[in-house]
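Okay, so here's the structure we're looking at.
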Ligand code: NAD
Ligand code: GLY
């Protein structure tokens, strides 16, 4: 039942192996890429649940694994976390021709990829994503970064992994809220470029969320295929790759206004942000209101938040949110970049959006 999706980037192309039971196959898949000491970076939660299975597979393949366990949570994606991982990688004895493995969600993947990219001027790395968000988004495409007090993901580099191994079985230990936050990114692919996939999600998304293995593999593989196609066309985000930011200008502002706290997970912000992007598109006469409402209904049916009112606590004002948007990486020449929609599956990039229309959506 497993599938392989290729990310076509000439001599830096790599496979994404997706399916149940993949952790047990990791040793065999990593063996051709590993040389000498093999650091395996993970976080404390994931270490407790899944590290032993991975080490067992690596051991059976005769690989010399060195676990590095970091604290779980976004705080680890910091200069302090980078210093810790860099020094532990140096002490692990990994060679410039070696491989570094990231086992975890987007935090571990982003941090490890960044550290691998700067360690000894660049060491190869492998992604073994363990959250749905990481399997369908952050482990693919080579964006790596840490956060600073000035903002999220502002310090980093492009460093493509050599291989991605997504074991859909590990998603069964993910808290439901984290799973749903990752599902928002799955729904994003339907909204941004594939109405048929969105139809499939309306019919089968609940099955994938509830743990149906075939539905999960299909949802992850299709999402990865869509991301791989976009990354192959526009690795450095000079054009189409920005489509992957659907909902993110709104979502990041909501995350900032809620202090990047437990009040709103990244994927939840993206869910609300995508609905806002649809509503902004309707307001500008670009999109049929029925598509916007259909998309919002699907997120609601899955149990995701779809409006500002769904965020617990004090509602952030439109002015505050616009202020946060002005600090976003997606500001170019003083203009905000938005991904808008002409309908489900028809997203496009624009920086020609009147601020009043944005404020109206944020106040609704
Ligand atoms: P995360 O890595 O913090 O994981 C969420 C929580 O789930 C953590 O507590 C983790 O320990 C736990 N966890 C992970 N796998 C588990 C499992 N199988 N079972 C039980 N618990 C598990 O968060 P995330 O949502 O995976 O990633 C968010 C990060 O990804 C953010 O920093 C964001 O900026 C980044 N991101 C990067 C890209 C990219 O292209 N590089 C894209 C999207 C998001
Ligand atoms: N997550 C957006 C990107 O990879 O470009």
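Here are some notes:
- Meets criteria (free of Cβ contacts under 8 Å to residues at least 60 places away in the same chain, within 16 Å of ligand 1 (Cβ to nearest atom) and in a helix (DSSP H, G or I)) for residue 267: no
- Checked against (1) within 21 Å of the chain's Cα centre (by Cα); (2) within 20 Å of residue 195 (Cβ to Cβ); (3) in a helix (DSSP H, G or I); (4) without any contact (Cβ under 8 Å) to a residue 60 or more places away in the chain, residue 306 passes all but condition (3).
- Residues within region 129-156 that are at pLDDT 95 or above, on the phi > 0 side of the Ramachandran plot and more than 13 Å from ligand 2 (Cβ to nearest atom), tallied: 0
- Only a single criterion out of (1) under 17 Å from residue 107 (Cβ atoms); (2) without any contact (Cβ under 8 Å) to a residue 12 or more places away in the chain; (3) buried (at least 18 other Cβ atoms within 10 Å of the Cβ) is not satisfied by residue 237, namely (1).
- Single residue of region 241-263 satisfying the filter (touching a residue at least 40 places away in the same chain (Cβ under 8 Å), surrounded by fewer than 24 Cβ atoms within 10 Å (Cβ to Cβ) and in a loop (DSSP other than H, G, I, E, B)) that is nearest to ligand 1 (Cβ to nearest atom): 260
- Test for residue 139: is it surrounded by fewer than 20 Cβ atoms within 10 Å (Cβ to Cβ) and either without any contact (Cβ under 8 Å) to a residue 12 or more places away in the chain or in contact with a strand residue (DSSP E or B) (Cβ under 9 Å, 6 or more places away or on another chain) (or both): no
- Check on residue 104, free of Cβ contacts under 8 Å to residues at least 40 places away in the same chain, away from ligand 2 (no atom under 16 Å from the Cβ) and more than 16 Å from residue 124 (Cβ to Cβ): no
- Listed by position, the strands (runs of 3 or more DSSP E) enclosed by region 93-191 that each have at least 2 residues that are near ligand 1 (Cβ under 8 Å from one of its atoms) are 143-148, 151-158.
- Criterion: within 16 Å of ligand 1 (Cβ to nearest atom), surrounded by fewer than 24 Cβ atoms within 10 Å (Cβ to Cβ) and either part of a helix (DSSP H, G or I) or modelled with pLDDT under 95 (or both) - qualifying residue of 298, 327: 327
- Filter pass, residue 334 being more than 15 Å from residue 277 (Cβ to Cβ), out of contact with any helix residue (DSSP H, G or I) (no Cβ under 9 Å at 6 or more places or on another chain), at pLDDT below 95 and surrounded by fewer than 18 Cβ atoms within 10 Å (Cβ to Cβ): yes
- Remark: residue 123 falls outside the filter, which requires a residue to be away from ligand 2 (no atom under 16 Å from the Cβ) and out of contact with any strand residue (DSSP E or B) (no Cβ under 7 Å at 6 or more places or on another chain).
- Taken over region 210-240, the residue count meeting the criterion of being closer than 19 Å to residue 179 by Cα and in a loop (DSSP other than H, G, I, E, B) is 2.
- Those residues of region 11-21 which are closer than 20 Å to residue 226 by Cβ and assigned to a helix (DSSP H, G or I), in sequence order: 12
- Residue match in region 164-181 (condition: in contact (Cβ under 8 Å) with a residue 40 or more places away in the chain, within 16 Å of ligand 2 (Cβ to nearest atom), surrounded by 19 or more Cβ atoms within 10 Å (Cβ to Cβ) and within 21 Å of residue 51 (Cα to Cα)): yes
- In region 143-154, the residues that are over 18 Å from residue 85 (Cβ atoms) form no Cβ pair under 6 Å with any partner that is at pLDDT below 95 and crowded, with 19+ Cβ neighbours inside 10 Å, whether six or more places apart or across chains.
- Test: residue in region 278-285 that is surrounded by 17 or more Cβ atoms within 10 Å (Cβ to Cβ), under 22 Å from the mean Cα position of the chain (by Cα) and modelled with pLDDT of 95 or more: yes
- For residue 196, the conditions (1) at negative phi; (2) modelled with pLDDT of 95 or more; (3) within 16 Å of ligand 1 (Cβ to nearest atom) are fulfilled apart from (3).
The values are calculated or read from the model by the stated rules, or taken from the named source; none is laboratory data. Just so it is clear, the structure is predicted and the values come from calculations on it, not from any experiment. In this analysis, Cβ positions are derived from the backbone assuming ideal geometry, glycine residues included, and neighbour counts consider all displayed protein chains.
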